[in-house]
Each structure stands twice: as structure tokens, then as C-alpha cells.
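A short reminder: the numbers here are calculations on the coordinates, not readings from a lab. Because the structure is predicted, anything quoted here is derived from the model rather than measured. Here the Cβ positions follow ideal geometry from the backbone for every residue, glycine too, while neighbour counts run over all protein chains shown.
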Ligand SMILES: [Zn+2]
């Protein structure tokens, strides 16, 4: 991976939520998401959701009112509405690419920058970053990094299971016997530490 690549970290749970919307919905569907800058050329997506929209088999349009209500919601819960920097939509079973309609929609974005993603029901996707200020830079390639943090409760459970069931080997004396032809009994030939308790 090139060091100057733009990375978008996506927790697996957030990705699954988006894919669930896409899988369940028989038409195109559009949503947004919250993004934070976590480093140079590095972003993190923390949630995806849908707003009021008019969706058809091959077209979807979010409403200004739906987006405005969503922004009001963010403000009401003390969140920074500028975190709304991610827009995604589904092409249902069609190829996942940015159509002229999609790029036309991106041009209308009023923020400083936006990460856009188009996905389909097969899980194929394209993702791009657009800068609007101070320079207008279009279609900067973005690489998604899927983050899969382990749930802290699950870690605690596994630690308890390991403490209960897993112990360290204890050296102990064993007697090694071997059958020697001509002798009627097994012959003790050695004793030592068992390395493989
Ligand atoms: Zn589209």
C-alpha cells in the first residue's frame, strides 16, 4: 500500500449496517455517515444512516428537508454537524460506479470535502474523496481499511475461559519402558522429565 494513499477506516459493524440497508432495500437507497480525520490522509467512518428520500429502481434522491432534519438531530445531541462527510448509495444489482448523476450530485456538496461511496448488492464498491476548498480536487482514490475491533466483553469472557481451562505444562518424572525380545517382561530402561505433559 502506498504511504500517500488516502485511507478510510471502516469498522466492520458500520459496513454491515450499510450493507444491510442495501441488501434489504429493493430499490436504490442513499445514506450518509460521520467521518473524522484521524491522521494525514487518514479518515475514520463511525456511523451510517439514512434520511428521507425518494428512491426508484435506478435512481435515488435525498431530500434537502431530510438532510436538514438530520443535521438538526446532530446539533441537538451535541454532535458536530461538520462530521457529516460521507455519502453512500446503492446501485442495487447494477455495476457500482459513479454515474453522471452521481458526480453531478457530488458537485452540489456545500461542505469543504466529501467522501462518496457507491455500492451494489454484490458488495462491489467504489469510493472517492472530493475537495471543494481551498482547491477543487475531484475523484481522489480512497482505500478502505476494514477495522474489526474485538468487543471488550468478549475479550473479558475469553480471558476468564483461558484462566479456567488453560494451564502451563508441569515437568514431572516418568518411567520409560520398552519391550525387549527375549525378556518376558517390559524392561525399565530410563527415567526422565517428560517434555510433553
Ligand atoms: Zn449512482
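Structure values in brief
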{"quantity": "At R0 = 22 Å, FRET efficiency that the Cβ-Cβ distance of residue 56 and residue 122 yields, to 0.05", "calculated": "0.65"}
{"quantity": "Between helix 12-24 and the chain: long-axis angle, C-alpha atoms, 0 to 90°, nearest 10", "calculated": "60"}
{"quantity": "Share of Cα-Cα pairs in the chain lying beyond 21 Å, as whole percent", "calculated": "63"}
{"quantity": "Residue exposure sequence - 91, 172 - by fewest surrounding Cβ within 10 Å", "calculated": "172, 91"}
{"quantity": "For the chain: relative contact order, % (alpha-carbon pairs under 8 angstrom, 6 or more apart)", "calculated": "19"}
{"quantity": "In degrees, nearest ten, helix 64-76 long axis to first principal axis of the chain (Cα)", "calculated": "60"}
{"quantity": "Sequence of 18, 94, 131 once ranked by neighbouring C-beta atoms within 10 Å, starting from the fewest", "calculated": "131, 94, 18"}
{"quantity": "In degrees, nearest ten, helix 152-165 long axis to first principal axis of the chain (Cα)", "calculated": "10"}
{"quantity": "Rel. contact order, % - alpha carbon contacts under 8 angstrom, at least six apart, region 42-82", "calculated": "25"}
{"quantity": "Helix-only mean residue ellipticity at 222 nm for the chain, each DSSP H run of n ≥ 4 adding -39500 (n - 2.57), per residue, nearest 500", "calculated": "-7500 deg cm²/dmol"}
{"quantity": "Fully extended contour minus Cα-Cα distance, from residue 163 to residue 41, at 0.36 nm per residue", "calculated": "39.8 nm"}
{"quantity": "Neighbour-count ranking [beta-carbon atoms within 10 angstrom, fewest first] of 86, 43, 49", "calculated": "49, 43, 86"}
{"quantity": "For region 35-125: Kirkwood Rh in Å [reciprocal of mean 1/r, alpha carbons]", "calculated": "14.4"}
{"quantity": "Extension gain, residue 99 back to residue 137 (0.36 nm per residue minus Cα-Cα distance, nm)", "calculated": "11.9 nm"}
